[in-house]
Amino acid sequence: MGAFETLAAYFGFDEHDTDLGTETVAGITTFLAMSYIIVVNPLILSEAIALEGYDAGEVQQMIAVATILASAVAIFVMAFWANRPFGLAPGMGLNAFFAFTVVIGLGVPWQVALAAVFVEGIIFIALTAVGARKYIIELFPEPVKFAVGAGIGVYLLFLGLQEMQIVVDHPDTLVTLGNVATSAVAALSVVGLALMLILHARGTRGSIVIGILATAVAGWVLTVAGVVSPGTLVPATTYDQISSDGILSLIANVQYDFTPLAAGFVDGLGMITDDPLVFALVVFTFFFVDFFDTAGTLIGVSQIGGFLDEDGDLPEIEKPLMADAIGTTLGAMVGTSTVTTYIESSTGVEEGGRTGFTALVVGLLFVLSLLIVPLIGAIPQYASYLALVVVGIIMLQGVTDIDWQDPAWAISAGLTITVMPLTASISNGLAAGIISYPIVKAATGETEDVSVGQWVLAAAFILYFAVFFAVDAGMVSF
């Protein structure tokens with residue numbers, strides 16, 4: 001049996017009606033859609049992590065390496081153990097909570113914050129191993145499960161259009177339409193999006209990858225030609241360094257030594273008892289948000305790929321859940337925040353990715369990016385976010401699975417779909433649906449349709465928000 005036949009048999013290409021070319025393109029697509037994290041995660045975490053003897057740029061490169069290593073390990077577990085086409089990396093939102101709320105806001109040392117992420121990961125591994133996470137996720141009401149995909153779709157659309165400057169801030173209406181005539185990013189993004197949508201509509205394989213790369217190249221060409229100034233369509237710092245020192249200088253100056261971050265994690269373990277209440281609060285928040293963000297992403301992306309069963313559950317969900325648990329645990333040890341499944345995985349699934357080989361390609365590209373960490377930043381973020389708009393549109397098809405004539409379904413599903421983008425949180429959308437479902441069922445006299453576990457899950461969310469709002473308002477302090 002040749003190498004190709006071995007790969008096809010291991011990942012089950014025939015069983016999933018896919019092939020090597022499709023899986024490879026899907027993996028490249030997912031990587032391009034989520035590779036921004038290699039640049040963005042260090043920028044966020046470096047606001048909170050300071051290392052004596054190192055400047056900010058060196059710390060950022062260390063965090064970039066930690067981000068890549070944690071992501072790659074989690075993705076390889078996803079590929080070989082779960083055989084699912086999902087990419088993982090340190091989660092956006094959770095990294096901001098780590099930096100700005102925990103370290104800067106509460107004054108928790110970054111070393112202790114890493115220890116909290118580590119403890120969260122250990123708890124996840126234990127709960128996943130005994131099937132507790134799977135049990136809780138399967139308690140989600142059916143309308144919530146079927147609404148998650150559409151909710152994430154609207155969320156992706158909103159994120160993409162914002163980054164493209166098609167949707168911009170407005171003092172009275174919060175958001176409004178951006179001006180294509182005055183924004184070079186918006187103008188180029190519209191052209192890039194049109195190309196991507198046309199290619200997608202024609203069924204062109206790799207339409208998302210082509211759209212991202214074509215838009216990125218166009219941005220660089222316009223900058224080099226002097227049509228726009230550096231920093232408008234391409235990162236100014238990357239442009240300046242390439243212009244003065246050449247493109248190879250970006251690779252030559254990478255700082256690969258992340259051991260100071262790992263040493264800080266070890267120090268953090270020894271500082272846990274300094275303020276156990278704050279530590280417990282941080283662990284609880286990381287745990288709660290990551291748990292439901294991951295659950296929502298897995299269900300939503302799986303809905304696109306047709307992985308869900310008739311009850312809206314993902315078979316063997318404990319396997320992909322173990323991937324993020326291991327990634328989170330290792331990530332803390334090397335110096336980064338909570339690892340989670342990425343909604344950008346939906347871009348690869350839309351390109352036809354159906355097996356762990358898609359994830360394997362993503363993981364290998366993360367490893368290869370170690371060689372060119374700074375070059376990842378050369379792809380403008382608006383170019384990557386074009387993919388979110390296309391996939392967001394596609395994910396809206398999930399609304400057809402919802403029984404809009406049933407009040408409990410309509411209310412819980414409607415809240416799930418709308419609260420996600422309006423609060424920029426998958427877990428908040430899930431909370432709205434999970435809390436409202438048993439209440440509406442009780443109001444319509446159909447309490448027999450609600451399990452005890454669903455009531456407990458709704459109560460857990462209410463308790464979480466009570467604690468969160470109390471701390472946020474300063475009513476409770478530690």
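The values are calculated or read from the model by the stated rules, or taken from the named source; none is laboratory data. Predicted model, so just to flag it, every value in this text is computed and none were measured. Cβ sites come from the backbone with ideal geometry, for glycine too, and all protein chains shown count toward neighbours. The accessibility values were calculated without ligands, DNA or RNA, using every heavy atom of the protein model including side chains. Shrake-Rupley method; radii C 1.70, N 1.55, O 1.52, S 1.80 Å.
Condition first: in contact with a helix residue (DSSP H, G or I) (Cβ under 8 Å, 6 or more places away or on another chain) and farther than 28 Å from P380 by Cα. Now tell me which residues in the range 20-55 satisfy that.
L20, L51, listed by residue number.
Only one of these conditions is not met by T259: (1) open to solvent by less than 50 Å² (accessible area, probe 1.4 Å); (2) without any contact (Cβ under 8 Å) to a residue 24 or more places away in the chain; (3) of a type in the set (S, T, Y). Which number is it?
(1)
Scan the range 171-200 and report the pairs whose first residue is of a type in the set (D, E, K, R) and whose second residue is surrounded by fewer than 12 Cβ atoms within 10 Å (Cβ to Cβ) and in a loop (DSSP other than H, G, I, E, B), with Cβ atoms within less than 9 Å and a gap of 6+ or a chain change.
The qualifying pairs do not exist here.
With the requirement that a residue be in a helix (DSSP H, G or I) and over 10 Å from L114 (Cα atoms), what does the range 268-279 give you?
Result: I272, T273, D274, P276, L277, V278, F279.
Among L368, L386, L321, L396, which is within 16 Å of S35 (Cα to Cα) and touching a residue at least 24 places away in the same chain (Cβ under 8 Å)?
Every option except L386 fails the conditions.
Filtering the range 194-208 down to residues that are crowded, with 23+ Cβ neighbours inside 10 Å and among the aliphatic types (A, V, I, L, M), which residue is nearest to the chain's Cα centre (by Cα)?
Among them, the one singled out is I208.
From the list I376, I393, I411, pick out the single residue that is hydrophobic (A, V, I, L, M, F, W, C) and at pLDDT 95 or above.
Answer to the check: I411.
Filter the range 330-364 for residues that are within 17 Å of G93 (Cα to Cα) and acidic (D, E) and give the result.
E344
Could you count how many residues in the range 20-38 are part of a helix (DSSP H, G or I) and either modelled with pLDDT under 90 or among the hydroxyl-bearing types (S, T, Y) (or both)?
9
Between I247, I304, I242, I317, which is of a type outside the set (G, A, S) and at pLDDT 90 or above?
Just a single option satisfies the conditions, and that option is I317.
Residues checked against (1) surrounded by 20 or more Cβ atoms within 10 Å (Cβ to Cβ); (2) touching a Ser or Thr at 6+ places or on another chain (Cβ under 8 Å); (3) not polar (S, T, N, Q):
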residue: L330; (1), (2), (3): yes, no, yes
residue: T355; (1), (2), (3): yes, yes, no
residue: T358; (1), (2), (3): yes, yes, no
residue: V367; (1), (2), (3): no, no, yes
residue: W409; (1), (2), (3): yes, no, yes
residue: S412; (1), (2), (3): yes, yes, no
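Where in the range 39-144 are the helices (runs of 4 or more DSSP H), entirely inside, with at least 1 residues that are within 16 Å of the chain's Cα centre (by Cα) and either buried (at least 21 other Cβ atoms within 10 Å of the Cβ) or not β-branched (V, I, T) (or both)?
Filter on the range 39-144 gives 56-77.
Could you list, in sequence order, all residues of the range 284-316 that are buried (at least 24 other Cβ atoms within 10 Å of the Cβ), over 13 Å from the mean Cα position of the chain (by Cα) and not in a loop (DSSP other than H, G, I, E, B)?
Scanning the range 284-316 gives F286, I299, S302, Q303.
Which pairs do you get when a residue that is aliphatic (A, V, I, L, M), found in the range 4-30, comes within reach of a residue that is open to solvent by 60 Å² or more (accessible area, probe 1.4 Å), reach meaning Cβ atoms under 6 angstrom, with the pair 6+ apart or on two chains?
V25/R205
Select from the range 166-189 the residues that are more than 18 Å from W220 (Cβ to Cβ) and among the β-branched types (V, I, T) and write down the one among them that is surrounded by the fewest Cβ atoms within 10 Å (Cβ to Cβ).
Per the criteria, the residue is T173.
Tally the residues that are surrounded by fewer than 17 Cβ atoms within 10 Å (Cβ to Cβ) and of a type outside the set (S, T, N, Q), restricting the search to the range 273-283.
4
Can you confirm whether the range 340-348 contains a residue that is out of contact with any Ser or Thr (no Cβ under 6 Å at 6 or more places or on another chain), in contact (Cβ under 8 Å) with a residue 24 or more places away in the chain and open to solvent by 30 Å² or more (accessible area, probe 1.4 Å)?
No, there is no match, as no residue in the range 340-348 is out of contact with any Ser or Thr (no Cβ under 6 Å at 6 or more places or on another chain), in contact (Cβ under 8 Å) with a residue 24 or more places away in the chain and open to solvent by 30 Å² or more (accessible area, probe 1.4 Å).
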